[in-house]
Amino acid sequence: MIAIGSDHGGFELKQEIMAHLKKRGLAFRDFGTYTPESCDYPVYGKAVAQAVASGEYSFGILICGTGIGISITANKIPGIRAALCTDCFSAEATRAHNNANILALGGRVVGVGLALKIVDTFLDTPFSEDERHIRRISMIEE
Ligand code: RB5
């Protein structure tokens with residue numbers, strides 16, 4: 001189950017991503033925002049990050065204008081590794097190396113086509129389970 005959220009800057013891209021997830025038959029819950037009106041990205045960043053940290057959702061997707069504010073917010077929640085990606089190489093590497101559990105995107109940065117490829121790459125890449133990566137990830141939380 002995927003938790004997804006955005007502010008107004010990521011609202012349009014979130015609609016595209018949700019349609020794409022639906023097409024792929026992937027279950028998700030939209031944590032808002034539900035209108036394109038101006039709003040505060042920390043509200044949605046925290047809601048999705050807490051949902052993922054609780055263990056109820058395996059992945060989160062967060063979108064704001066740049067992806068920066070919402071990823072900074074999410075990374076304040078213990079257990080969250082939110083990765084802001086603008087390319088598929090990073091999306092693959094952050095799953096394989098960092099076991100990232102939230103993908104952050106900038107709705108004003110990446111186009112829809114690229115964003116959907118990044119989403120697919122992120123969701124479809126497993127963690128490597130390499131000892132060195134497990135060690136480094138545990139060092140983040142120490
Ligand atoms: C909102 O205008 C914008 O600041 C927000 O979407 C995001 O880019 C913040 O990091």
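Based solely on its DSSP helices, what 222 nm [θ] is calculated for the chain when runs of n ≥ 4 H residues each add -39,500 (n - 2.57) and the sum is averaged over all residues, nearest 500 deg cm²/dmol?
Working: 6 runs with 66 residues, N = 142.
It lands at -14000 deg cm²/dmol.
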Cross-link reach from K22 to lysines, straight Cα distance under 19 Å and at least 8 residues apart if same chain, gives K14, K117
For labels at S38 and E129 in the simple 7 Å Cα→Cβ model, what's the distance in nm? 5.0 nm
Give me log10 I(q)/I(0) at q = 0.18, 0.28, 0.33 Å⁻¹ for segment 79-118, Debye formula, one equal scatterer per alpha-carbon, no solvent. -0.44, -0.93, -1.13
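Convex hull over the alpha-carbon atoms of the chain: what's its volume per residue in Å³?
Numbers: hull volume 12.8 nm³, N = 142.
Roughly 90 Å³ of hull volume per residue.
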Can you tell me the length gained on complete extension of the stretch C88 to I68, counting 0.36 nm per residue apart and subtracting the Cα distance? 5.5 nm
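Kindly provide the Kirkwood hydrodynamic radius of segment 48-109 in Å, to one decimal, from all pairs of distinct alpha carbon atoms. Intermediate results must be reported in sequence, preceding the final value.
Working: mean 1/r = 0.0882 Å⁻¹.
For segment 48-109, inverting the mean 1/r across all distinct Cα pairs yields 11.3 Å.
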If you place +1 on the Cβ of every Lys and Arg, -1 on the Cβ of every Asp and Glu, and leave all else neutral, what size is the dipole of segment 29-142 about its Cα centre, to the nearest 20 Debye? 200 debye
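In square angstrom, what is the accessible area per residue of the chain with a 1.4 angstrom probe?
Values: 7130 Å² over 142 residues.
Here the residues of the chain average 50 Å² of exposed surface.
The values are calculated or read from the model by the stated rules, or taken from the named source; none is laboratory data. Every value quoted in this text rests on a predicted model; they were computed, and no experiment measured them. Using ideal geometry, Cβ is built from the backbone for each residue, glycine included, and neighbour counts are taken over all protein chains shown. Heavy atoms of the whole protein, side chains included, go into the accessibility calculation; ligands, DNA and RNA do not. Shrake-Rupley method; radii C 1.70, N 1.55, O 1.52, S 1.80 Å.
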